[in-house]
Every structure is written in structure tokens, then in C-alpha cells.
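A short worksheet on the structure shown next.
The values are calculated or read from the model by the stated rules, or taken from the named source; none is laboratory data. Computed from a prediction, not measured in an experiment: that's the story for all the values here. FYI the Cβ positions are ideal-geometry reconstructions off the backbone, even for glycines, and counts take in every protein chain you see. For the accessible areas, the whole protein counts, side chains as well, though only heavy atoms, and no ligand, DNA or RNA atoms are used. Shrake-Rupley method; radii C 1.70, N 1.55, O 1.52, S 1.80 Å.
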Amino acid sequence: MDQQLVVFVTVAEEKNFTRAAERLHISQPGISQHIANLEQQLQVKLLDRNNKYVRLNRAGEVVYHHAKEILRIYDEMHRLLDDLKGSAHGPLLIGASFTFGEYVLPHLIAEFYNRYPKITPTIVIENTQMVITKVASGELDIGVIEGATIHDATVEVEPLADDNVVVVASTQHRLANRSVVTANDMSDEHWIVREHGSGTREVTDYLFREYHIQPKSMVEYDSMQVIKESVEAGLGITLLSRWAVRRELKWQTLRELEFAGSPLHRQFSIAVRKSDFMTKTTVLFREFLREQSPRISTLDLGGISV
């Protein structure tokens with residue numbers, strides 16, 4: 001691997017020569033020499049720097065973008081070669097949308113790790129669109145997303161498990177004790193929703209279209225926990241996966257609102273980059289997810305069945 005590229009990328013990300021030196025366990029003069037050699041080799045300055053900051057200039061941005069891709073491909077090559085030498089081991093970069101990543105995936109990872117202790121999973125939690133983007137670029141080995149419809153020809157998606165989504169309110173909310181709520185009831189409410197790009201937001205927008213719901217007012221948050229806390233405080237109603245609110249429903253701090261057509265269903269799906277070469281760790285984890293598919297919707301997490 002080209003050490004100059006490693007040093008350059010690290011400096012760009014740390015925005016500081018001292019922190020880059022500490023991260024790479026190289027002396028600061030060594031860091032400076034690598035950068036100087038790279039700039040001399042490319043015959044262009046890559047960094048704007050003074051006593052207060054270090055940042056990429058336009059040429060540096062171009063080199064950083066391609067250096068990241070070069071290092072990713074180099075790492076992937078070595079992982080594929082390692083696969084040919086023996087049993088699967090090493091890193092596995094898993095992306096997951098918030099619902100699956102926060103409420104389901106940790107329990108599956110525990111079992112996967114017991115089977116393959118030489119594989120080191122890292123979980124990255126992002127909204128659905130960002131997971132797809134990072135799988136497509138190779139930043140993630142595999143993703144689990146909410147929904148199955150994507151618009152990226154470089155990514156292959158397959159269904160994994162069903163997910164129920166429900167409308168919930170505080171137990172003190174005016175709709176909480178209604179046996180059935182109507183679209184008009186829900187239109188007359190303040191909605192607290194996920195951001196665009198989220199799989200949960202996608203199904204929320206579907207609910208609004210399908211039942212002609214026009215919320216009186218609406219606020220977006222990118223945190224499921226903030227949404228739940230806001231709803232519990234009586235600030236509005238929301239739509240979330242039953243996975244995300246299973247404890248609150250059991251402890252009766254939230255109440256599910258029944259309406260014609262509830263609960264709604266969507267899919268958790270596996271996303272991988274289309275390629276003739278896939279690391280053994282990725283192949284094993286995809287096979288593991290397929291194996292677990294029938295039981296995911298009935299997992300008992302901490303004594304709370306979904």
C-alpha cells in the first residue's frame with residue numbers, strides 16, 4: 001500500500017499533522033515528509049495550511065477522493081486474497097437503517113460472532129438512502145435497509161423479513177382510548193416524523209397518500225429516540241416500526257392507534273453491491289441473514305416478543 005496516500009488521507013481527515021502522526025504512530029516530521037514527497041510527485045500543492053488549520057485545496061479534494069477509492073480497492077484485494085488462504089476472518093462492514101440497526105441487528109450479530117469469532121463486524125447506522133449509497137460505493141460490505149425499492153443499478157436487493165409499522169400516541173392523548181381513529185382524526189394532529197431518505201419516512205408518506213391524511217402541522221427529526229420522547233410527552237403522534245416501540249407499548253407509555261388498514265407492512269431487505277468478487281465474510285453474513293429470515297419477526301428480545 002502506498003504509505004504516502006495513507007498519510008495524506010489521514011491528514012485530510014484529522015485536519016491536523018499532530019493528530020495524524022498520533023493516529024499512524026509516525027513522527028510529525030515523518031508526516032510532513034510524506035506529504036512533501038506526494039506533492040512533489042504530483043507536482044501540485046494539496047493542502048492549505050498555517051498555524052491554525054490544515055485543509056484541502058481544490059487539487060487536494062480531487063486527490064483525496066481518488067486516494068480513498070484506491071485504498072478501498074487495495075484493501076478489498078487483500079481481503080479477497082486472504083479468503084483464498086483459509087477460513088473467513090477480518091473486518092465486516094455492515095450498514096443498517098435505524099430500525100433494524102438499533103433494535104434487531106445487535107441480537108443477530110451476537111449469534112453470528114459466536115459462529116465466526118475471527119470475523120470482526122462493524123455496524124454503521126444510517127438512514128436507508130445513505131446505506132444504499134455506501135454499499136454502492138464499497139464503503140460498506142453489506143446493508144440491511146427498510147423497504148425493497150431502490151434506484152441504483154449497482155446494488156442488488158433481496159427481501160429479508162417483514163416489518164409492521166404502527167401509528168402511536170401518548171397514553172394521555174385524546175385519541176388514545178378510541179377503538180378506531182379515522183383519517184380526519186389523524187389529519188387534525190401534529191405529526192412528528194423521520195427525515196426524508198429514511199425508510200420510515202417513506203412509509204409515513206405512503207400512509208398520508210393512501211388515506212388522504214393532511215397533517216395540521218409536522219416536524220422532522222433524524223432520531224427515533226427524540227421522536228418517541230416527544231410523542232410520550234404529548235407533543236404529537238407518529239408512525240414507527242413496532243420493533244422501535246415494543247417496550248413502550250408493553251410498559252404502556254405509548255398507545256397504538258387502530259385505523260382501517262393498520263398495521264401497515266413493509267420489508268427489511270439485504271443490499272449488496274453487484275460484483276463478481278465478494279469477500280467470504282460478506283458471503284457468510286448474507287447466508288446467515290437468509291437463514292435467520294423466518295425467525296426475525298418473532299425474535300424475543302429481553303422477554304418482549306414482537
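Compute the angle between helix 28-42 and the longest alpha-carbon principal axis of the chain, please, reported from 0 to 90 degrees and rounded to the nearest 10. So the inclination is approximately 80 degrees. Among Q267, Q172, Q41, the residue with the largest mean-square fluctuation in a Gaussian network model of the chain, with springs joining Cα atoms closer than 10 Å, is Q41.
Mind checking the angle between helix 58-85 and the chain's longest principal axis? C-alpha axes, 0 to 90 degrees, to the nearest 10. The answer is roughly 80 degrees.
Pop out the Kirkwood hydrodynamic radius of the chain from its pairwise C-alpha distances, inverse of mean 1/r, in Å to one decimal. It would help to have the intermediate numbers written out before the result.
Numbers: mean 1/r = 0.0452 Å⁻¹.
With all distinct Cα pairs of the chain included, I get 22.1 Å.
What does the charge count around F259 come to, taking other residues whose C-beta lies under 14 Å from its C-beta (Lys +1, Arg +1, Asp -1, Glu -1)? Net charge in that neighbourhood comes out at -4.
Please tell me which of these pairs span more than 31 angstrom C-alpha to C-alpha: K216/K250; K45/K134; K15/K228; K15/K118; K15/K280; K52/K228?
Numbers: K216/K250 29 Å; K45/K134 29 Å; K15/K228 37 Å; K15/K118 33 Å; K15/K280 35 Å; K52/K228 42 Å.
Exceeds cut-off: K15/K228; K15/K118; K15/K280; K52/K228.
Highest mobility in the GNM of the chain, judged by mean-square fluctuation with C-alpha springs under 10 Å and restricted to T18, T154, T99, is found for T18. Once the whole set of protein chains is in place, how much accessible area is left on R209, using a 1.4 Å probe, in Å² to the nearest 10? Spelled out: R209, probe radius 1.4 Å, area about 150 Å². Roughly what angle does helix 199-210 make with the longest principal axis of the chain, taking Cα atoms, 0 to 90 degrees, to the nearest 10? Helix 199-210 sits at roughly 40 degrees to that axis. Think of region 18-102 as a dipole: +1 on every Lys or Arg Cβ, -1 on every Asp or Glu Cβ, centred on the Cα centre; then among L47, A20, H66, L47 lies furthest on the positive end. Across region 1-112, Cα-Cα pairs farther apart than 21 Å form 52% of the total.
I'd like the carbon and sulfur percentage of the solvent accessible area for the chain, probe radius 1.4 Å, heavy atoms only, ligands and nucleic acids excluded. If you can, show how the numbers build up before the last one.
Numbers: 7880 of 15610 Å².
Within the chain, the accessible surface is 50 percent carbon and sulfur.
Quick check for you: with a 1.4 Å probe and neighbouring chains kept, what is the accessible area per residue of region 1-147, in Å²?
Working: 7890 Å² over 147 residues.
On a per-residue basis, region 1-147 sits at 54 Å².
Taking every protein chain into account, the accessible area of region 153-306 amounts to 48 square angstrom per residue (probe 1.4 Å).
When Lys and Arg each count +1 and Asp and Glu each count -1, what net charge do the other residues less than 15 Å away from Q214, Cβ to Cβ, add up to?
Details: positive: R209, K216; negative: D185, D188, E189, D205, E210.
That works out to -3.
For every other residue with a beta carbon closer than 13 angstrom to the beta carbon of S241, add +1 if it is Lys or Arg and -1 if Asp or Glu, then tell me the sum. Charge balance in the 13 Å sphere: 0. Dipole check for the chain: with +1 at the C-beta of Lys and Arg, -1 at the C-beta of Asp and Glu, and the Cα centre as origin, the magnitude is about 540 Debye. The calculated 222 nm mean residue ellipticity attributable to helices in the chain amounts to -14500 deg cm²/dmol, summing -39500 (n - 2.57) over DSSP H runs of n ≥ 4 and dividing by all residues. In the chain, the DSSP beta bridges split such that about 60 percent are antiparallel, to the nearest 5.
Comparing mean-square fluctuations of L254, L42, L93 from a GNM of the chain with C-alpha springs under 10 Å, the top value falls on L42. Residues H212, H190, H265 ordered from highest to lowest accessible area at a 1.4 Å probe: H212, H265, H190.
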